[in-house]
Amino acid sequence: MKALQIVKYGEIKDSLAFNEVSKPAVQPTDVLIEVKAAAINPIDKSIVLGNLQGLLPIPFPSTSAYDVSGIVVEKGNDVSNFEIGDLVYSRVPQEQMGTIAEYVAVTSEAVSKKPGNISFEEAAGIPLAGLTALQSLEFAGIKANDRILIHAGSGGVGSLAIQYAKAKGAYVYTTTSTDNVEWVKELGADRVIDYKTEDYKTIVKDVDIVYDTLGQEYTSEAFQVVKQGGQVISVVGPLDEETAHMFGMADYQLPEELATLSAEKEASYKFIFMHPNGAHLAEIKTMIEDERIKPIVDTIYPFAESIAAFTHLATGRAKGKIVIKIN
Amino acid sequence: MIRQGQQVQNVYFVTDGCLRSYCYDKNGKEHTLQFAIKNWWISDYIAIHSDESATLTVECLKESEVVKFNAKALEKMYTLFPEYEPFQRKILERHVVSLNKRILNQLQLTATERYTLFITQYPEIEQYTHNYHIASYLGITQESLSRIRVEKAKH
């Protein structure tokens, strides 16, 4: 079968190539998905560039990407929750990475039926960003009338986090650039801050939760706008100590600046490490079918133009997801 | 109860609940062919009568109670006991009438009229279904359905 593979670390055009590879083997707990669409995320680009070789080293060649939608065409003997012919979507686990291919084998625990009211292409763009948003805001225990700041409302995670937070009844502040203000408003955000003309720090005060999807100075600035005793949740900032210990970094300490800020505000800081989860995807499926969440697709590329899709992703200017139609 | 692509052996008579038959298009979107509530029959008749695998999926939209009949056994029964034949004919006629009406409505009525007719005829179905079930039954987008509902609420 044909697959887009990472052949080395480095520039996108030099490091990705189409190869003929064998169909993946199906383990007893796996389903084999005939891929209809795959989507790419910032992490896929970072892996190609080699920025994550310390944390997620990969053998060469490796088929790229994690997000997928398609049809179950084969299943392992231990799989009871799916049938051949089911239409599904998934964020595949690290060890099964490789969705830009004609087939991918995935442990059934990471798979869910896809929402029935959206296309394969729209569904492929949901898993990684949707799981990140859901797991972050669920950890924060978001509830009706909470006030939350969600950074980068037009991003893959931000756009879904806004809709999830609104579905839970929260009041949502979000930041975005001038071009995106209108459509981000349409996602339901209560106060859309144009970061090119407004300073969010003078508008957002004492929120219950800050959801940091940008990192760097935004992580520490979060403590200026969160309320005393509030929560800062990040998917890009430094690891928190508990998470680092879980990954075996026994001596890890939160950077001093963050530790001080967090102590002063008595506000918690938590790094969320997204994990594949079919049950969570099933929850998102229901929310999509109930029209509480809608998928946002920027561009759909044909399989043969997958490398152009990565170059587009690298611009960081996509409004919603970049999707590759496989079959 | 029936899955697209599988063999179909049974037809179902609904004694309680609400079911739906639908198919997927090549983009993975669902299209609803039929809803079935109390006293209705549902199956994939295309598969049964052409001996092909199912083109439809049949699912319950709420907890339902059905009587399952093996299609071949039913057929045999009608041969053995011809007095049941008119009963079968009545079922088929009703089915044909409702399908004809559905096709004509689709051809003649506006989206708003189709929706109005649907909720007048089957007010109970709406409570068990997602918007997209009804939208895909009427052959309109979810956005159009929402718009029609808002318009209706105004009047």
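In this structure the amide hydrogen of A:Asp240, modeled in the peptide plane, comes within under 5 Å of the amide hydrogens of A:Phe271, none closer than 5 places in sequence on its chain.
Is the shape of region B:100-155 rounded, prolate or oblate, going by the alpha carbon gyration tensor and its root eigenvalues a ≥ b ≥ c, with a/c under 1.5 for rounded and a/b larger than b/c for prolate? List each step's numbers first, then the result.
Values: a/c = 1.40, a/b = 1.22, b/c = 1.15.
Because its axes are fairly even, with a/c under 1.5, region B:100-155 counts as rounded.
Peptide B:23-32 shows a mean partner chain C-beta count of 6 within 10 Å per residue C-beta. The B:Glu52 and A:His275 beta-carbon pair, evaluated with R₀ = 35 Å, returns a calculated FRET efficiency of approximately 0.25. In this structure, the amide hydrogen of A:Glu102, modeled 1.01 Å from its nitrogen in the peptide plane, lies closer than 5 angstrom to those of A:Lys2, counting only residues at least 5 positions away or on a different chain.
Taking label positions 7 Å along the Cα-Cβ direction at both A:Ala282 and B:Met77, the computed distance is 3.5 nm, reported to one decimal. Residue order by solvent-accessible surface for B:Asp25, B:Asp51, A:Asp194 is B:Asp51, B:Asp25, A:Asp194, largest first, with ligands and nucleic acids left out and a 1.4 Å probe. For region A:196-211, the Karplus equation 6.51 cos²θ - 1.76 cosθ + 1.60, evaluated at θ = phi - 60°, returns couplings of 7, 10, 10, 9, 4, 6, 8, 9, 8, 9, 6, 7, 6, 9, 10, 10 Hz by residue, with Gly and Pro reported as x.
Would you mind getting the accessible area per residue of region A:1-117, heavy atoms of the protein chains only, 1.4 Å probe, in Å²?
Numbers: 4530 Å² over 117 residues.
Roughly 39 Å² per residue, with all protein chains present.
Converting phi to 3J(HN,Hα) with the Karplus coefficients 6.51, -1.76 and 1.60 and the offset θ = phi - 60°, region A:144-154 yields 3, 6, 4, 10, 10, 9, 10, 6, 6, x, 8 Hz in sequence order, with x at every glycine or proline. Looking at the square roots a ≥ b ≥ c of the eigenvalues of the Cα gyration tensor of the protein assembly as shown, which shape do they give, rounded for a/c under 1.5, prolate if a/b is larger than b/c, or oblate? In terms of gyration-tensor shape, prolate.
Annotation: amide H-H contacts under 5 Å for A:Phe18 (H modelled 1.01 Å from N, sequence separation of 5 or more, or interchain): A:Gln5.
With a Förster radius of 25 Å applied to the C-beta separation of A:Asn81 and B:Lys62, the computed FRET efficiency comes to 0.75.
Taken across both chains, chains B and A shield about 1200 Å² of accessible surface from a 1.4 Å probe.
Considering helices alone, the calculated mean residue ellipticity of chain A at 222 nm is -8000 deg cm²/dmol, with DSSP H runs of length four and up weighted by -39500 (n - 2.57) and normalised per residue.
Here, region A:159-235 has an Rg and a Dmax of 11.9, 34 Å when only alpha carbons are counted. Here the extension length gained between A:Thr202 and A:Thr29 equals 57.1 nm, from 0.36 nm per residue of separation less the Cα-Cα distance.
For region B:7-47, the residues whose backbone nitrogen is under 14 Å from a point 7 Å from the Cα of B:Asn70, taken along Cα to Cβ, are B:8-11. Cross-link reach is defined here as a Cα-Cα straight distance under 20 Å, omitting same-chain residues fewer than 8 places apart; for A:Lys23 the lysines meeting it are A:Lys2, A:Lys36, A:Lys75, A:Lys325.
How many angstrom lie between the Cα centre of region B:1-66 and the Cα centre of region B:102-155? Answer, in whole Å: 20.
Taking every residue in A:115-122, how many Cβ atoms of other protein chains lie within 10 Å of its Cβ, on average? Don't jump to the answer; show the numbers that get you there.
On the way: counts 5, 13, 11, 6, 5, 5, 2, 3.
Per residue, the average neighbour count from other chains is 6.
For chain B, the relative contact order works out to 24 percent when only alpha carbon pairs closer than 8 Å and six or more residues apart are counted. In vacuo Debye scattering of region A:219-327, one point per C-alpha: log10 I(q)/I(0) at q = 0.15, 0.16, 0.23 Å⁻¹? Debye curve over Cα of region A:219-327, log10 I(q)/I(0) at q = 0.15, 0.16, 0.23 Å⁻¹: -0.94, -0.98, -1.10.
Between A:Lys8 and A:Thr299, the C-beta separation translates, for a Förster distance of 45 Å, into a calculated FRET efficiency of about 0.95. Ligands, DNA and RNA left out, the 1.4 Å accessible surface of region B:93-155 is 57% carbon and sulfur atoms. For chain B, the longest principal axis of the Cα atoms and the long axis of helix B:71-80 meet at an angle of about 50 degrees. Here's the list of lysines a cross-link from B:Lys38 could span, going by alpha-carbon distance under 21 Å and ignoring same-chain residues fewer than 8 apart: B:Lys62, B:Lys68, B:Lys90, B:Lys101. Each part reduced to its alpha carbon centroid, region A:195-261 and region A:28-87 end up 31 Å apart.
The phi torsions of region B:124-138, fed into the Karplus equation with coefficients 6.51, -1.76 and 1.60 and a -60° offset, translate into couplings of 6, 5, 4, 6, 9, 10, 6, 4, 6, 4, 6, 4, 6, 6, 7 Hz, rounded to whole numbers, with Gly and Pro shown as x.
The mean sequence distance of close C-alpha pairs (under 8 Å, at least 6 residues apart), as a share of the length of chain A, puts its relative contact order at 19 percent.
The values are calculated or read from the model by the stated rules, or taken from the named source; none is laboratory data. Just so you know, these numbers come straight off a predicted model, no measurement behind them. With ideal geometry, Cβ positions are generated from the backbone for all residues, glycine too; neighbour counts draw on all protein chains shown. Ligands, DNA and RNA are stripped out before the accessible areas are found, and what is left, the full protein with its side chains, is counted by its heavy atoms. Shrake-Rupley method; radii C 1.70, N 1.55, O 1.52, S 1.80 Å.
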